[in-house]
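Peer 1: Got a structure for you, questions after.
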Amino acid sequence: MDLAWYALLGLFFACYLVLAGYDYGVGLLLARGSAPAGRRAALTALGPFFLGNEVWLVAAVGILFGAFPVLEGELLAGCYPAVAGALVGVILVTAGVQLRSRPSDERVRARWDRVIVVGSALAALGWGVVLAALLQGVPRQANGHVAGISHLATPFAAAAGLAMLALVAVHGAAFLTLRLPTDAAAVAGRTARRLVPVALCAVALATVAGLLSSRVRDAVQRPAVAVLLPVLLVAALLTARAALARRRPGWALIATGAALALPVALVGAALWPYVLVSTADPEASLRVADAAASAPTLRLLGWVALPLLPALLGFQAMCWWVFRGRTDGRAPVYW
């Protein structure tokens, strides 16, 4: 049962990164006015999906607190700066998108645009560092607590954060290619194609940093799975670029979404049966079975979580069906 909940936690967090990832990607594209057809058009394309995407994070946090209380305490303590930074970013993006359209003064709107950019960068970097911390291990002591936060200040954590930032930017550009009017979508497609090589370089940098890191080599339980991660990321990004070149924005968005879901799935698989590997004391490593709540608690939570998943999937499917066209209401969506 603990394996099922572990997989469910990964599924919810992966869905959050895929769906909220294009929120943050669009936010990053506001940095230098590169959002095609203007900032307002980009945020309008995002509007119908924005709040619903954040629900997946709330659900993932609920599963973490309820099904893995030990992991929740150690993860938040050991990765507090990264988690806090990511959550601050989520709040800034939410506030910026909601409040940007209210003032009529363009200078005030520009300030809110900067808030959205900063929030998007913090969210992407924060979650990337959290995933890197899991993959390279944490200094968990024999008393069961993580000592310090120095493990977050490593070349691999920094490279992983930048890789997540680049992946999110590509994902946001692919989303705009699918949603904006045809002329603006062509500009977004060119932006996305230019960002793919940047993302490939960021993934390569993170891969090299991981291979050179003794922390990562010691923490990974299944090296073959860990090696598979950069290979699949490169394949997903190349698939996205090919789809964009053939004007298939739907397939491009699926490919960039897969690139954001892959780190969650493969990091979890590479660490199994552990969820936190201790770099200070191997005996202090935390197994998934030990991090999970008791069997009666998990069964009780199942009555809540099992109906929640189809409800969330149904809501997302409805949103995408209702708002499946471009924002001008005329051009069809090409898959």
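The values are calculated or read from the model by the stated rules, or taken from the named source; none is laboratory data. Just so you know, these numbers come straight off a predicted model, no measurement behind them. Using ideal geometry, Cβ is built from the backbone for each residue, glycine included, and neighbour counts are taken over all protein chains shown. SASA here: full protein model, heavy atoms, side chains in, ligands and nucleic acids out. Shrake-Rupley method; radii C 1.70, N 1.55, O 1.52, S 1.80 Å.
Peer 1: Residue check, Val118 against (1) open to solvent by 60 Å² or more (accessible area, probe 1.4 Å); (2) of a type in the set (Val, Ile, Thr); (3) modelled with pLDDT under 85, all met but one. Which one?
Peer 2: Condition (3) is where Val118 drops out.
Peer 1: May I ask you to verify whether Arg215 is on the phi > 0 side of the Ramachandran plot, open to solvent by 70 Å² or more (accessible area, probe 1.4 Å) and not β-branched (Val, Ile, Thr)?
Peer 2: It is false that Arg215 is on the phi > 0 side of the Ramachandran plot, open to solvent by 70 Å² or more (accessible area, probe 1.4 Å) and not β-branched (Val, Ile, Thr).
Peer 1: What residue, among those in the range 79-93 that are open to solvent by 20 Å² or more (accessible area, probe 1.4 Å) and among the aliphatic types (A, V, I, L, M), is nearest to the chain's Cα centre (by Cα)?
Peer 2: If we take residues in the range 79-93 being open to solvent by 20 Å² or more (accessible area, probe 1.4 Å) and among the aliphatic types (A, V, I, L, M), then Leu87 is nearest to the chain's Cα centre (by Cα).
Peer 1: Any residue in the range 288-312 that's closer than 11 Å to Met1 by Cβ: show its pairings with residues that are open to solvent by 80 Å² or more (accessible area, probe 1.4 Å) and not in a helix (DSSP H, G or I) at Cβ separation under 9 Å, as long as the two are six or more apart or on different chains.
Peer 2: Here the result reads Ala292/Met1; Ala295/Met1; Leu298/Met1; Arg299/Met1; Gly302/Met1, each pair linking the range 288-312 to a residue that is open to solvent by 80 Å² or more (accessible area, probe 1.4 Å) and not in a helix (DSSP H, G or I).
Peer 1: State which residue pairs qualify: first residue among the aliphatic types (A, V, I, L, M) and inside the range 180-199, second residue surrounded by fewer than 16 Cβ atoms within 10 Å (Cβ to Cβ) and not in a loop (DSSP other than H, G, I, E, B) in any location, beta carbons under 8 Å apart, and separation of 6 or more residues or different chains.
Peer 2: Listed pairs, sorted by first residue: Val196/Leu238.
Peer 1: Okay, next question. Among the residues of the range 47-59, is there at least one that is among the β-branched types (Val, Ile, Thr), in contact (Cβ under 8 Å) with a residue 24 or more places away in the chain and crowded, with 22+ Cβ neighbours inside 10 Å?
Peer 2: No: the range 47-59 contains no residue that is among the β-branched types (Val, Ile, Thr), in contact (Cβ under 8 Å) with a residue 24 or more places away in the chain and crowded, with 22+ Cβ neighbours inside 10 Å.
Peer 1: Looking at the range 75-97, I want the residues that are at pLDDT 90 or above and of a type in the set (Lys, Arg) and have a partner that is open to solvent by 20 Å² or more (accessible area, probe 1.4 Å) and in a helix (DSSP H, G or I) with Cβ atoms under 8 Å, at least 6 apart or on another chain. Which pairs are those?
Peer 2: Correct list of pairs: empty, since none qualify.
Results for (1) open to solvent by less than 80 Å² (accessible area, probe 1.4 Å); (2) at pLDDT 85 or above, shown as yes or no for each residue.
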| position | (1), (2) |
| --- | --- |
| Trp272 | yes, yes |
| Ala284 | yes, no |
| Ala295 | yes, no |
| Gly302 | yes, no |
| Gln316 | yes, no |
| Arg324 | no, no |
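Peer 1: Out of all the residues in the range 221-234, is one or more more than 18 Å from Leu28 (Cβ to Cβ), buried (at least 17 other Cβ atoms within 10 Å of the Cβ), modelled with pLDDT under 90 and touching a strand residue (DSSP E or B) at 6+ places or on another chain (Cβ under 9 Å)?
Peer 2: No, the range 221-234 contains no residue that is more than 18 Å from Leu28 (Cβ to Cβ), buried (at least 17 other Cβ atoms within 10 Å of the Cβ), modelled with pLDDT under 90 and touching a strand residue (DSSP E or B) at 6+ places or on another chain (Cβ under 9 Å).
Peer 1: Is there a residue being more than 30 Å from Pro282 (Cα to Cα), modelled with pLDDT of 85 or more and either in contact with a helix residue (DSSP H, G or I) (Cβ under 7 Å, 6 or more places away or on another chain) or of a type in the set (Phe, Trp, Tyr) (or both) anywhere in the range 145-166?
Peer 2: Yes, the range 145-166 contains a residue that is more than 30 Å from Pro282 (Cα to Cα), modelled with pLDDT of 85 or more and either in contact with a helix residue (DSSP H, G or I) (Cβ under 7 Å, 6 or more places away or on another chain) or of a type in the set (Phe, Trp, Tyr) (or both).
Peer 1: Another one. Yes or no: Gly25 under 18 Å from Thr256 (Cβ atoms) and not charged (D, E, K, R)?
Peer 2: yes
Peer 1: Having 2 or more residues that are among the β-branched types (Val, Ile, Thr) is the bar; report the helices (runs of 4 or more DSSP H) wholly within the range 1-85 that clear it.
Peer 2: Those helices (runs of 4 or more DSSP H) span 2-29, 50-67.
Peer 1: A further question on this structure: Looking at the range 205-214, is at least one residue more than 30 Å from Trp321 (Cα to Cα), of a type outside the set (A, V, I, L, M) and in contact (Cβ under 8 Å) with a residue 60 or more places away in the chain?
Peer 2: Among the residues of the range 205-214, at least one is more than 30 Å from Trp321 (Cα to Cα), of a type outside the set (A, V, I, L, M) and in contact (Cβ under 8 Å) with a residue 60 or more places away in the chain, which makes the answer yes.
Peer 1: I would also like to ask the following. Give, as residue ranges, the helices (runs of 4 or more DSSP H) completely inside the range 182-280 that count at least 1 residues that are among the charged types (D, E, K, R) and touching a helix residue (DSSP H, G or I) at 6+ places or on another chain (Cβ under 8 Å).
Peer 2: 182-212, 214-219, 223-245
Peer 1: May I pose another question? Select from the range 154-181 the residues that are assigned to a helix (DSSP H, G or I) and among the hydroxyl-bearing types (Ser, Thr, Tyr) and list them in ascending order.
Peer 2: Thr177
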